[in-house]
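Take a look at the structure set out below.
The values are calculated or read from the model by the stated rules, or taken from the named source; none is laboratory data. Remember, predicted model here, so these are calculated numbers, not experimental data. Every residue, glycine among them, receives a Cβ derived from its backbone with ideal geometry; neighbour counts consider all protein chains shown.
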Amino acid sequence: MKLLTLIKLEFYKQKKGWLWLFLLIIPAGTTLAMFLDFTIRYDYLYQNALHEGYTSWDVLLIENHRVLGWGMFLPMFIGIIYALLYQVEEGQSNWKQYLSLPVRKESVYLSKFLAGFLFSFLLIMFNMLGLIFVGFVIGFPEAVEWGSYGRYAANQAVMILAVASLHNWLSSYFKNNIIPIVIGFAGVIVSSMVIFMLPKVSKFFPYALPFYTDGLFENSSELIPSSLLLMLVFVIGGLWHFNQKDVL
């Protein structure tokens, strides 16, 4: 069975699951939070933005990413996405039925990883579109900065590769899907300390990498090798473990 078919199967299995609801609730919450923030404080924020040389769209991105904490909590959201993906098999004991199909274990594992990444990217896109919606509703005087917001989404897509591959491994390792979520929450807490106390170390810590993606304060392109290297390590380790694991 082809890898693309397995990825489509992962999407099909989520039709009656909680994952799509999760993908809508989180961006809806961030959109509402930013709308309330800018409804109350826009004049103040805009004056500060002019003084610092930023546009309204820059300030909206900063408020979302750093003040609201999107860049900090995104890894935890990704951990939840992978836990929900694996819950279909673990919760309903479907592994035996799934692996009775003409599929390789490697393909099953990689399809989970790629499907989780695609769901994570959808979460990122929904958040970005929510921000643009806020800008339209508030009535920003500047034109939409499609370029900077597109780069923002692309940077996140690259920087989540490490934590996505890690949580694909963790979710395949633990039968109790609450454990990877707890690990993800702990990783976010640790990253909040590492980012500010050990900035050099944070650039090799998978939970911290998405924090550096706003494009306004950090050059995330310097971190691409770290993200790709960590992804490679976690994918190889996860594949090895999944092949050894008796999932039947």
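Would you be able to say whether some residue in region 228-247 is under 30 Å from I40 (Cα atoms), assigned to a loop (DSSP other than H, G, I, E, B), among the β-branched types (V, I, T) and over 16 Å from the mean Cα position of the chain (by Cα)? Can you show your working first?
From region 228-247, those under 30 Å from I40 (Cα atoms) are none; that's our starting set.
No, region 228-247 contains no residue that is under 30 Å from I40 (Cα atoms), assigned to a loop (DSSP other than H, G, I, E, B), among the β-branched types (V, I, T) and over 16 Å from the mean Cα position of the chain (by Cα).
For region 90-141, the set of residues classified as within 26 Å of the chain's Cα centre (by Cα) and charged (D, E, K, R) consists of E90, K105, E106, K112, listed by residue number. Of the residues examined, Q47 is not one that is modelled with pLDDT under 90, surrounded by fewer than 20 Cβ atoms within 10 Å (Cβ to Cβ), in a helix (DSSP H, G or I) and polar (S, T, N, Q). Within region 1-23, the residues that satisfy the criterion of being in contact with a helix residue (DSSP H, G or I) (Cβ under 7 Å, 6 or more places away or on another chain) and part of a helix (DSSP H, G or I) are L3, L6, I7, E10, F11, K13, L19, F22, L23. Candidates F113, F117: the one that is at pLDDT 95 or above, in contact with a Gly (Cβ under 8 Å, 6 or more places away or on another chain) and surrounded by 15 or more Cβ atoms within 10 Å (Cβ to Cβ) is F113.
When you check S191 against the structure, is it over 13 Å from the mean Cα position of the chain (by Cα), farther than 30 Å from L45 by Cα, among the small types (G, A, S) and surrounded by 15 or more Cβ atoms within 10 Å (Cβ to Cβ), yes or no? Considered against the rule, which asks whether it is over 13 Å from the mean Cα position of the chain (by Cα), farther than 30 Å from L45 by Cα, among the small types (G, A, S) and surrounded by 15 or more Cβ atoms within 10 Å (Cβ to Cβ), S191 comes out as no. Here the condition is being out of contact with any Gly (no Cβ under 9 Å at 6 or more places or on another chain), modelled with pLDDT of 95 or more and not acidic (D, E); of V137, V108, V201, it holds for V137 alone.
Taking the listed residues K112, K96, K105, the one that is among the basic types (K, R), in contact (Cβ under 8 Å) with a residue 12 or more places away in the chain and closer than 22 Å to W20 by Cβ is K112, with no other qualifying.
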